[in-house]
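Notes follow the structure.
The values are calculated or read from the model by the stated rules, or taken from the named source; none is laboratory data. Just so you know, these numbers come straight off a predicted model, no measurement behind them. Cβ coordinates were reconstructed from backbone atoms using ideal geometry, including for glycine residues, and neighbour counts include every protein chain displayed.
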Amino acid sequence: MTAATENTGSADRRATADRALRLKALYEAPEITRVVNVWDAVSARVVASLPQTTAIATAGHSIAASFGYEDGGMPLELALAGARTVAEAVDLPVTADLDDGYDDPAETIRRAIGFGVVGANVEDRLRPLHESVARVSAIIGAAEAEGVPFQLNARTDAFVLGSDRPLEERIEDAVTRGRAYLDAGAALVFVPAVLNREVTERLVEGIGWGKISVIGLPGALRASEYQELGVARISYGPLPQRAALLALRDLATDLYGDGAVPADLPALN
């Protein structure tokens, strides 16, 4: 390795660390961090062009769908390639959806950091608690070895995969797992579900103010309401892609009809 190459690598790593600190500051701010999920370079650039955008989040479900895979069934190399495409398209902190971290979550995160990703969602899939905590610890250890204050949004599937259990049991499990993940170094705890006010209050009380991440879904609270309850981050998963595809379907329907291109179709720079 030449001195110039080494210096370039060091500069890239410092830039990555700086973006990680920017994401950390967003998560720790009083205002809820809103991330509109993207799935490729052009969707990332469109969202990044908005003045309100402070960070970019990938949607693993949407990247998988783009290549014909079911959510959670995308190969590791494709997941990393999708995250890299987004990270290289924008100059903002990028947090990636990396499913469950795959076979070696530490190596997955190390590789993601290598192309500028500074945060990630990683699912527990309701593995035994000690296994899930060990995977979180491995991720944080790998990031520390790379010199990057990586912002792990540790996802618990206590609601998603435990929907057949009583609500009390799901809340208790989410709190237990969430506390353990924070203790292991995670920045936030992601509890995906349609969370009403009462359940959100109990999760925040159990896990911590400013330590919860939620998803915006039909029937969920508004972002401002979650902010009032102490939620740190809200994302929207595959919904942005679904909205884009619905717009495409509607346009195609019109074009198959009278065939006229809408006069108000906007241009994207």
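A few remarks follow.
- Here the condition is being in a helix (DSSP H, G or I), without any contact (Cβ under 8 Å) to a residue 60 or more places away in the chain and surrounded by 16 or more Cβ atoms within 10 Å (Cβ to Cβ); of Ala20, Ala44, Ala65, Ala11, it holds for Ala44 alone.
- In the stretch 209-255, the residue that is farthest from Gly60 (Cα to Cα) out of those that are of a type in the set (Ser, Thr, Tyr) and out of contact with any strand residue (DSSP E or B) (no Cβ under 8 Å at 6 or more places or on another chain) is Thr253.
- Residue count for the stretch 82-107 satisfying the condition of being of a type outside the set (D, E, K, R), in a loop (DSSP other than H, G, I, E, B) and either modelled with pLDDT under 95 or in contact with a strand residue (DSSP E or B) (Cβ under 6 Å, 6 or more places away or on another chain) (or both): 4.
- Residues in the stretch 126-150 that are farther than 30 Å from Ala11 by Cα and not aliphatic (A, V, I, L, M): Arg127, Pro128, His130, Glu131, Ser132.
- Condition check for Ala120: closer than 20 Å to Glu144 by Cβ, free of Cβ contacts under 8 Å to residues at least 60 places away in the same chain and either touching a Ser or Thr at 6+ places or on another chain (Cβ under 9 Å) or not charged (D, E, K, R) (or both): yes
- Residue within the stretch 81-102 that is under 21 Å from Thr156 (Cβ atoms), touching a Ser or Thr at 6+ places or on another chain (Cβ under 9 Å), in contact (Cβ under 8 Å) with a residue 40 or more places away in the chain and of a type in the set (Val, Ile, Thr) present: yes
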